[in-house]
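What follows is a set of notes on a single structure, which appears directly below.
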Amino acid sequence: MEYQTSLTQGQPDDEAVRLLQYYEALALENDPRGYCVCTSEGKDSRVLGHLFRRAGVKHFYQHSITGIDPPELIYFQRSNFQQYRDAGYLTYDVMYRKSMWQLMLEKKIPPLRTIRYCCAELKEKRSEHQGKAVVSFGVRKYESVKRARSRNELEIALPRQKNLIMPFDDGENRKIFELCYRDREKRVNPLAYWTDADIWNYSRDVKLEQCSLYSEGFDRLGCIGCPLAREQNRRREFSRWPKFYEQYLRTFDRMLERRRQCGDAILDYASTAEIWMEWWLSDHVQETAGAGQLSLYEL
């Protein structure tokens with residue numbers, strides 16, 4: 001299919017391409033390698049990478065090794081990275097500094113939808129490979145309430161009063177390109193307002209290969225047991241990869257022991273590793289657990 005790249009309002013993929021082309025000079029000013037595309041090679045980051053290649057802008061790829069991704073996704077990512085290298089792109093695999101199990105023991109609670117300390121450590125912590133590069137993630141506002149409140153297409157640290165507006169942006173969508181503060185670094189998120197339908201329609205239109213797990217009925221791929229996923233999906237993950245369930249359960253048991261050693265409260269829903277695990281898997285818990293409930297824990 002042919003793509004239009006004139007400076008007029010168009011389809012979300014056209015807008016994303018123009019966004020990346022417009023800010024390429026800024027990206028090259030920050031790092032001669034261009035943009036840093038952070039990817040897990042799930043459906044969103046696959047589309048993100050394709051948009052960068054289609055835009056013809058200079059970029060390189062970074063993958064964060066979490067230790068808890070589905071094996072099939074890991075194999076898919078390795079194969080894709082080899083293809084990227086064969087095509088002349090730089091790629092980097094970044095090993096975690098602390099494992100998921102170490103983080104849980106350190107925090108003494110499991111990650112929740114409202115408190116996902118794991119993402120900051122395993123996926124979003126800046127690595128030495130990034131340098132000063134403008135970073136791009138395949139994050140979308142439709143994925144979570146927190147992201148909906150915080151992520152715009154461009155995130156860049158500048159004086160609060162200033163906004164950087166794309167010259168082809170209209171007044172109605174101007175807020176899409178407002179500047180905001182986040183970790184004093186520059187981020188471009190061209191998929192911020194894409195829906196699931198946009199992702200799948202684009203993948204189909206450009207014949208973009210996606211991980212085989214999607215064709216098996218998985219609609220979201222990421223860390224196994226991620227609290228962002230629904231209970232049904234998480235239980236399906238643990239059924240598919242039972243060794244991860246066993247490792248989580250062992251870690252819950254170790255967290256309980258750690259809490260006892262520290263003199264922290266042990267509540268009814270966390271009296272045993274099994275009971276705590278069932279509590280953690282509940283959708284209701286993930287949606288309602290908040291500061292009041294978690295005040296018993298010292299994060």
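A few comments on the model shown:
- Hits in segment 95-116 (condition: in a helix (DSSP H, G or I) and surrounded by 17 or more Cβ atoms within 10 Å (Cβ to Cβ)): Met100, Leu103, Met104, Lys107
- Where Lys98 falls short, out of the listed (1) touching a helix residue (DSSP H, G or I) at 6+ places or on another chain (Cβ under 8 Å); (2) touching a residue at least 60 places away in the same chain (Cβ under 8 Å): (2)
- First in segment 47-58 and in the same structural domain as Leu90 (by TED's automatic domain parsing) and over 15 Å from Ser203 (Cβ atoms), second anywhere and assigned to a helix (DSSP H, G or I) and small (Gly, Ala, Ser), Cβ under 9 Å, 6 or more apart: Ala55/Ala16; Val57/Ala27; Lys58/Ala27
- Of residues in segment 209-224 being at pLDDT 95 or above and buried (at least 22 other Cβ atoms within 10 Å of the Cβ), the one nearest to Ser282 (Cα to Cα): Ile224
- Verdict on Leu105 being touching a helix residue (DSSP H, G or I) at 6+ places or on another chain (Cβ under 7 Å) and among the aliphatic types (A, V, I, L, M): yes
- Members of segment 69-83 found to be touching a residue at least 24 places away in the same chain (Cβ under 8 Å), assigned to a helix (DSSP H, G or I) and within 21 Å of Gln247 (Cα to Cα), listed by number: Pro71, Glu72, Leu73
- Test: Ile224 is outside the structural domain of Asp69 (by TED's automatic domain parsing) and more than 20 Å from Gly67 (Cβ to Cβ): no
- Checked across segment 142-151, the condition of being assigned to a helix (DSSP H, G or I), modelled with pLDDT of 85 or more, among the hydroxyl-bearing types (Ser, Thr, Tyr) and not assigned by TED's automatic domain parsing to the domain that holds Glu278 holds for no residue.
- Gly49, sole failed condition from (1) outside any loop (DSSP other than H, G, I, E, B); (2) more than 21 Å from Arg140 (Cα to Cα): (2)
The values are calculated or read from the model by the stated rules, or taken from the named source; none is laboratory data. All values reported here derive from a predicted model rather than from experimental measurement. Using ideal geometry, Cβ is built from the backbone for each residue, glycine included, and neighbour counts are taken over all protein chains shown.
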